[in-house]
1. Which residues, counting only those in region 218-239, are more than 24 Å from the chain's Cα centre (by Cα) and not basic (Lys, Arg)?
2. Could you go through region 179-189 and let me know if any residue there is assigned to a strand (DSSP E or B) and assigned by TED's automatic domain parsing to the domain that holds Gln243.
3. Select from region 150-176 the residues that are buried (at least 22 other Cβ atoms within 10 Å of the Cβ) and out of contact with any Phe, Trp or Tyr (no Cβ under 8 Å at 6 or more places or on another chain) and write down the one among them that is nearest to Asp235 (Cα to Cα).
4. Scan region 9-18 for residues that are closer than 13 Å to Gly58 by Cβ and surrounded by 14 or more Cβ atoms within 10 Å (Cβ to Cβ) and report the count.
5. Can you pull out every residue in region 190-217 that is assigned to a strand (DSSP E or B) and more than 20 Å from the chain's Cα centre (by Cα)?
6. Ser103 versus (1) among the polar types (S, T, N, Q); (2) without any contact (Cβ under 8 Å) to a residue 40 or more places away in the chain; (3) within 22 Å of Gln211 (Cβ to Cβ): which is the lone unmet condition?
7. Those residues that are in a loop (DSSP other than H, G, I, E, B) and over 17 Å from Phe223 (Cβ atoms), I need them from region 248-272; list them, please.
8. Only one residue in Ser246, Ser260 is hydroxyl-bearing (Ser, Thr, Tyr) and loosely packed, with under 15 Cβ neighbours inside 10 Å. Which one?
Amino acid sequence: MFNFEPANYIENTPKDSEFFILFEQSILTFSNENFIRPISSDELTWSYIEEEERHFLGFLDKKPCFVILSKNSNCELENSMFVDFRSALGRMPDQLFDVIARSIQIINWSKDHKYCGSCGNKMDRHLLERAMECSICKGQLVYPRISPCVIALIYRESEFLLAHNKNFPPGFYSTLAGFIEPGESVENALKREVDEEVGIKIKNLEYFASQAWPFPSQLMIGFYAEYESGELKPDGVEIDDAQWFSAENMPTNVPPANISISGRLIENFLKK
């Protein structure tokens, strides 16, 4: 069981520190191990990883934890390999998902904000806050961007609605989701997305839970919602199929509950 405490600042890198190593859209793992884990200071020394940048994440089981962006995919540790983030989801222990998600989001934010959006000057990291700072535009701080999204399991008595996105593999169905627009409430965003994607009205929205989703920087806000009216009409742009399912009639593949809020919504509904 891991315990992670987020933090933004530490003076140095203690000897007992641990490190997640990223390169482009992949994370360092080991072919002879079932789960992704951070490497130790000693392993980092012998890995000969060429660091591009390093960020403090917080404390993992009270040990300082960092993410390192590598300049390349070279690593001298035995059985080491870089695995695509999405392909690695099944190997992320539940308790480490949050810290790995934080790693990915911080690296993506840092790479995307090297220069000031107002004057074009190179940005520097703020010493105490998780922010990039422009020395010319005084007070110009850029914090990590979080994109809020709504995601919902819509139900009709014992049935629930799942949809197939055009980008999904064949036979894979998930709950409906979408981004919240500027000036829009969470509730209105959910009603709009459902209407736009499958053409039905919903009611009785009930908050379930939230989850950081680092692809690249979403905060998924999960709900249950009851069907109100309308016939299913997939928009054909994002959604090419939507169906009512039940415990006795499940699609071939759905998101796993251990790492996905969509999977948790489905699992929790079936338990009820």
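The values are calculated or read from the model by the stated rules, or taken from the named source; none is laboratory data. In this text, all values refer to a predicted model and were calculated from it rather than measured experimentally. Using ideal geometry, Cβ is built from the backbone for each residue, glycine included, and neighbour counts are taken over all protein chains shown.
1. Kept after step one, since they are more than 24 Å from the chain's Cα centre (by Cα), are these residues of region 218-239: 226-236.
If the condition is that a residue be more than 24 Å from the chain's Cα centre (by Cα) and not basic (Lys, Arg), then Glu226, Tyr227, Glu228, Ser229, Gly230, Glu231, Leu232, Pro234, Asp235, Gly236 are the ones that fit.
2. Yes, region 179-189 contains at least one residue that is assigned to a strand (DSSP E or B) and assigned by TED's automatic domain parsing to the domain that holds Gln243.
3. Within region 150-176, the match that is nearest to Asp235 (Cα to Cα) is Leu176.
4. Residues flagged as closer than 13 Å to Gly58 by Cβ and surrounded by 14 or more Cβ atoms within 10 Å (Cβ to Cβ) within region 9-18 amount to 3.
5. Quick first cut of region 190-217, residues assigned to a strand (DSSP E or B) only: 201-213.
Across region 190-217, the qualifying residues are Lys201, Ile202, Lys203, Asn204, Leu205, Glu206.
6. (2)
7. Within region 248-272, the first condition is being in a loop (DSSP other than H, G, I, E, B), and the residues that meet it are 248, 250-252, 254-260, 272.
Within region 248-272, Glu248, Met250, Pro251, Thr252, Val254, Pro256, Asn258, Ile259 meet the criteria.
8. Working: Ser260 fails: loosely packed, with under 15 Cβ neighbours inside 10 Å.
Going through Ser246, Ser260 in turn, the sole match is Ser246.
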